[in-house]
Amino acid sequence: MRAARLIKMVLLLQSRPSMTAAELARELEVSERTVTRDAQALSEAGVPVYADRGRAGGYRLIGGYRTRLTGLARSEAEALFLSGVPGALREMGLEDAASAARLKVSAALMPSLRDASRTAAQRFHLDAPNWFKEPKTPELLPAVADAVWDDRRIVARYRRGEAEVERELEPYGLVLKAGVWYVCARVAGHGSYRVYRIDRFTAVDAGAERTERIERFERDEEFDLPGFWDARAEQFARSILRAEVVLRVSPDGVRGLPYAVDPQSAREALEAAGAPDGDGWVTLALPVESEEVAHSQLASLGPEVEVLEPQALRERFASDAIRLAALYG
């Protein structure tokens, strides 16, 4: 633990002209007294750490010293490519590896480029979860993530309806969708790829300690995670659109329809619709999840949409209109 901290301290000092004890303590998550002791230990080990005293003082490396400890480990290199999603790295337990990788890259850069990580962070930040939803990190995510990076089979128990099911899985990849974590995995001995919500896992045996039971799997290098996810997401979206409604939509309603219902379904329905009538209204058939869901979604468009079919849904909107007229007089 201390050795890793000392290396990190050297890399920090190598990437900047100087740092105060307070800055080092904050970066290393230790006290300033520990920073002083670590600097002394480095000096005794032959690393030329020099302390400038006074208000503008701090620690720096002298004599053009450069460490050769800049080679990236595999875990650090992999984490580096995910460094644009710090929240996801933290939840997967890869924050330390990413931090070490960034320091090593910074230490290897020319002095004029060493502030690149800071300037990039000032200009781009990814906030994946939706508004008004508190994201919850699944407790078992780090174990699943560790197995994904190591191509290691897992035995997972997960909730399916009211029951719990156990499966031996080959976890190929992780997906963070709107704050929800999924694992794309192949069922061992089955050959098919499936998607599981990790927050529905109740237990995960990642085989880290019992390798005689669970071993590493041979990854299919042809597996394309982004392509698989896009296809499965589209399949899922279409699978839940099991009903259909016929609408008459105003010009304003046409512009608002993709924001009220599934955007892809709205675009396809509008493209397949006929020409507008004399008032500029368009008649179209729209796939929806159910009449109940369609009622709640289309209500947001108010008088810009008229339901023609099914009759039960049309009568429901007519009833809403009567109640609204009575309410507002």
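Could you check region 257-310 and list, in sequence order, the residues that are of a type outside the set (D, E, K, R) and touching a Pro at 6+ places or on another chain (Cβ under 7 Å)?
The answer is SER265, ALA266, GLY280, VAL282.
Does LEU89 qualify as being assigned to a helix (DSSP H, G or I) and at pLDDT below 80?
yes
Residues to consider are ALA3, ALA22, ALA51; find the one that is modelled with pLDDT of 80 or more and in a helix (DSSP H, G or I).
Just a single option satisfies the conditions, and that option is ALA22.
Please determine whether any residue of region 229-244 is among the β-branched types (Val, Ile, Thr) and under 29 Å from ALA318 (Cα atoms).
Yes: region 229-244 contains one or more residues that are among the β-branched types (Val, Ile, Thr) and under 29 Å from ALA318 (Cα atoms).
If we keep just the residues of region 260-291 that are within 17 Å of VAL307 (Cβ to Cβ) and among the polar types (S, T, N, Q), which is least open to solvent (accessible area, probe 1.4 Å)?
The selected residue is SER265.
Would you mind finding the one in ALA206, ALA237 that is of a type in the set (Gly, Ala, Ser), within 26 Å of ALA163 (Cα to Cα), at pLDDT below 90 and under 20 Å from the mean Cα position of the chain (by Cα)?
None of the other options fit; the residue is ALA237.
The values are calculated or read from the model by the stated rules, or taken from the named source; none is laboratory data. Note that this is a predicted model, so its numbers are computed, not measured. Heads up, the Cβs are rebuilt from the backbone with ideal geometry, glycines too, and the neighbour counts pull from every protein chain shown. For the accessible areas, the whole protein counts, side chains as well, though only heavy atoms, and no ligand, DNA or RNA atoms are used. Shrake-Rupley method; radii C 1.70, N 1.55, O 1.52, S 1.80 Å.
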